[in-house]
Structure formats: C-alpha cells, structure tokens
Amino acid sequence: MLKLINVKTFYGNIQVLKGINIEISEGEIVTLIGSNGAGKTTTLMSISGVVPPREGKIMFMDQQIHGFSSDRIVSLGISQVPEGRHIFPQLSVLENLHMGAFIRKDNDAIKKDIEYIFELFPFLTRRRNQAGGTLSGGEQQMLAISRALMARPRLLLMDEPSLGLAPIIVKQIFSIIKKINAEQKTTIFLVEQNANLALQVADRGYVIENGRIVIEDSADNLLSNSDVKKAYLGL
C-alpha cells in the first residue's frame, strides 16, 4: 500500500531523514519507534505532504505522491492524527467531525459515519455541541482520531496518540486503534514513544535512529530484541 524509497527530508539546511525505506501492506498496523528527534514525526509529515522530501519517492497504491498537496493526499485516502491533537478548539465536537469530512459530498454516508463515531466514542454523543477546546486531553485525542476517520482513510497516520495522557486513557486509545483496524479494515502507521504498547498492537515495526532505519522486524521479534528492550522498553 505504502512505500518510502530512500526518502531524504530537510528543514532548511538540516537533514532529518537520511534515506529511509519503509513498506506497509494493506490491513497492517505498523509502528515506527525511536527517541525524541530521531525523525518519527518528520516521516509522517513527509508522507502527508506537510514537509515534502527533497529526495526519494513516496508511493501510495502504486502512485507516486511526492510533491502532492496535503489536501490531495487526503483525497487519495491518507489521513493523519497529529501529535498534540490540534482539534479546532472553538468548534463543537460535531463541527470538528464535519471538518474531517470536508472533502466528501456523500451526505448520507457522512451521517452514518458520525453515528459510527458516536458508537466508538459514546461520550462524544453527549458532548456533540460542546466546544472541542473544553474537552479533557484524552477526550480531545479521541476527537482527533474521530475527525481523521471522517475522511474515510485507507491509511491512518497516528503521531504519538498516548502523549500526555493518563495510563487508563492510553489503554483505551490502543484498544480503539485495534478496533479501527479490525472493523474498518483501516491500515495504520503508528508513531509512538511508548514502544511497549505500540509493539503489542502492531504487526511489524521499524526502529529509527538519527534519521535512519536501523531495525525492521515483526512486532514480536522487536519485543524480544535485546537492543530494543534496553533502548526503548526500559528492560
């Protein structure tokens, strides 16, 4: 479904990604783990067109998307849940969901998808008219996920969904990630500092260090890898 081929991305003169190669097959949950500043968020920003790579190729469904605008990439079936949530704080929960569906014209299907979101996150039903900025951090994260799902993505990019959340909320978020993958058949590329939880829900994983992919393996093998245990699992 997705291929990154020798992708090199810069911020000005500073090179962040130094020729990374990643492949994701349809239906998978794949995670990218690494320390702060390793290039995890930049990888997602490169895919979504926010920070286009200077060299290399990004292929989605056998189509090169390098150089496409972010809205065009969304229309092709890629949505991102950004780090820090970034919901629209002045808009209501319902308005945030409609913003997620801005590229769609199928109003009846949009209504059905909102009903599904309310089943997935029942608390949102009670707060549909409440301003997004008044929700708790965990609730905003769930709203950010819901907003991304409203675009009906084939590939969902998730950037640090556990960041700053209480452990009980984090468990709920990761349970929902698995549910979205299973029920909606949505492929998920998960960037996460909580490597232990990420590898527990993922099929495969990549480890990035200083802008380079240094390990690629199944999630089970990464969980038992001594180097990964020491560096990222605290074991």
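Residue by residue, here is whether (1) among the β-branched types (Val, Ile, Thr); (2) closer than 17 Å to Ile33 by Cα; (3) within 18 Å of the chain's Cα centre (by Cα); (4) at pLDDT below 95 holds:
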| position | (1), (2), (3), (4) |
| --- | --- |
| Phe174 | no, yes, yes, yes |
| Lys179 | no, no, yes, yes |
| Lys185 | no, no, yes, yes |
| Leu190 | no, yes, yes, no |
| Gln193 | no, yes, yes, yes |
| Arg212 | no, yes, no, no |
| Ala219 | no, yes, yes, no |
| Ser226 | no, yes, no, yes |
| Leu235 | no, yes, no, yes |
Report summary line: When the range 5-27 is checked residue by residue, the ones that are touching a helix residue (DSSP H, G or I) at 6+ places or on another chain (Cβ under 8 Å) and not hydroxyl-bearing (Ser, Thr, Tyr) are Val7, Val16, Leu17, Ile20, Ile22, Gly27
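Pick out, from the range 148-225, the helices (runs of 4 or more DSSP H) lying fully within it that include 1 or more residues that are of a type in the set (A, V, I, L, M, F, W, C) and within 28 Å of Leu135 (Cβ to Cβ).
Filter on the range 148-225 gives 167-183, 195-201.
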**Report entry** Condition check for Glu83: under 30 Å from Glu115 (Cβ atoms), of a type outside the set (Lys, Arg), in contact with a strand residue (DSSP E or B) (Cβ under 6 Å, 6 or more places away or on another chain) and surrounded by fewer than 15 Cβ atoms within 10 Å (Cβ to Cβ)
**Finding:** no
Requested in this report: State which residue is modelled with the lowest pLDDT when the search covers only the range 85-109 and only residues that are closer than 12 Å to Leu143 by Cα and under 19 Å from the mean Cα position of the chain (by Cα).
Outcome: Arg85
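Can you spot a residue in the range 121-137 that is crowded, with 22+ Cβ neighbours inside 10 Å, modelled with pLDDT under 95 and farther than 21 Å from Ile29 by Cβ?
In the first step, residues of the range 121-137 are kept if they are crowded, with 22+ Cβ neighbours inside 10 Å; the result is 124, 132.
Next, from what is left, pick out any that are modelled with pLDDT under 95: 124, 132.
In the following step, the residues that additionally are farther than 21 Å from Ile29 by Cβ were identified as 124, 132.
There is at least one residue in the range 121-137 that is crowded, with 22+ Cβ neighbours inside 10 Å, modelled with pLDDT under 95 and farther than 21 Å from Ile29 by Cβ.
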Report summary line: Thr31 vs (1) among the β-branched types (Val, Ile, Thr); (2) in contact (Cβ under 8 Å) with a residue 40 or more places away in the chain; (3) outside any strand (DSSP E or B): all pass except (3)
Query - Matching residues in the range 39-76 - criterion: being surrounded by fewer than 22 Cβ atoms within 10 Å (Cβ to Cβ), part of a loop (DSSP other than H, G, I, E, B) and not hydroxyl-bearing (Ser, Thr, Tyr) - result: Gly49, Val50, Val51, Pro52, Arg54, Met61, Asp62, Ile65, His66, Gly67, Phe68
Query - Selection count where residues are aliphatic (A, V, I, L, M) and touching a Gly at 6+ places or on another chain (Cβ under 9 Å), scope the range 79-112 - result: 3
Query raised in the report: Between a first residue in the range 109-123 that is among the hydroxyl-bearing types (Ser, Thr, Tyr) and a second residue that is surrounded by 14 or more Cβ atoms within 10 Å (Cβ to Cβ), which pairs have beta carbons less than 9 Å apart while being 6 or more apart in sequence or on different chains?
Result: Tyr116/Leu149; Tyr116/Gln184
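The values are calculated or read from the model by the stated rules, or taken from the named source; none is laboratory data. Here the structure is a predicted model, which means the values were calculated and not measured. Note: ideal-geometry Cβ built from the backbone for every residue, glycine included; neighbour counts use all protein chains shown.
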